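The values are calculated or read from the model by the stated rules, or taken from the named source; none is laboratory data. Everything numeric in this text was worked out from a predicted model, so none of it was measured. For neighbour counting, all protein chains shown are included, and Cβ atoms are generated from backbone atoms with ideal geometry for every residue, glycine included. Ligands, DNA and RNA are excluded from the accessible area calculation, which covers all protein heavy atoms including side chains. Shrake-Rupley method; radii C 1.70, N 1.55, O 1.52, S 1.80 Å.
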Amino acid sequence: MKIIKLFIISVLFTLTANSQITKGNWLMGGNASISYTKSIPKQTNTYLNSAEGKTFSILLQPNIGYFVVDKFAIGLKLGVTNTYPTNQSFQINQTQFSISPFLRYYLLKTDKPFNIFVEPSYYKYTYKPLGMVNAYGLKLGHVVFLNSTVGLETSINYQKTNGIDSDSEDIFLGFGFQLYLEKK
């Protein structure tokens, strides 16, 4: 029983380090997300024979940001998405690349060992069959600061894509790792 109490106390002391979400600091890291998507075609009998589709996707997204004021960062994300259709007899796995400016705001005080953040973003995808595609996203997440530099994140991401032949809505479950670099 004493070992369990010592473990809990040591975890609490580890988690009490101040986070680095203050003005002038940098945010670097990334996340990996998985999603299930249902696409609805805008029209039928097109060149691509677009039909209602269901896909499974994996997204890898490194990012960098800068805190312009306490708890508020602006930054840029680069993404690679691999998409795997699940209900089509002729399956084509696709890879998409994206670039995305983002804003991130932390809701709790800067000295908390954990925080909640909200992150709206805009995506510009390169999509081989259709060219460039626009999307808008909103991420709601939770970060636990392991110390003053390292944070582990979990998030739910919503993304609305406006394509030429179809629109899609994605919900991603994400896991991330961030480094908070303090100004000198």
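In table form, for the structure just shown:
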read-out	value
Residue that is surrounded by 13 or more Cβ atoms within 10 Å (Cβ to Cβ), under 19 Å from L140 (Cα atoms) and either modelled with pLDDT under 95 or charged (D, E, K, R) (or both), where the choices are S33, S39	S33
The one condition in (1) modelled with pLDDT of 95 or more; (2) open to solvent by 30 Å² or more (accessible area, probe 1.4 Å); (3) in contact with an Asp or Glu (Cβ under 9 Å, 6 or more places away or on another chain) that V143 fails to fulfil	(2)
Filter result for P129 (modelled with pLDDT under 95 and open to solvent by 40 Å² or more (accessible area, probe 1.4 Å))	yes
Residue in the stretch 114-122 that is open to solvent by 70 Å² or more (accessible area, probe 1.4 Å), under 16 Å from N157 (Cα atoms) and at pLDDT 95 or above present	no
Residue in the stretch 43-81 that is modelled with the highest pLDDT, counting only those that are surrounded by fewer than 13 Cβ atoms within 10 Å (Cβ to Cβ) and over 26 Å from F117 (Cα atoms)	K54
Check on S100, at pLDDT below 70 and among the small types (G, A, S)	no
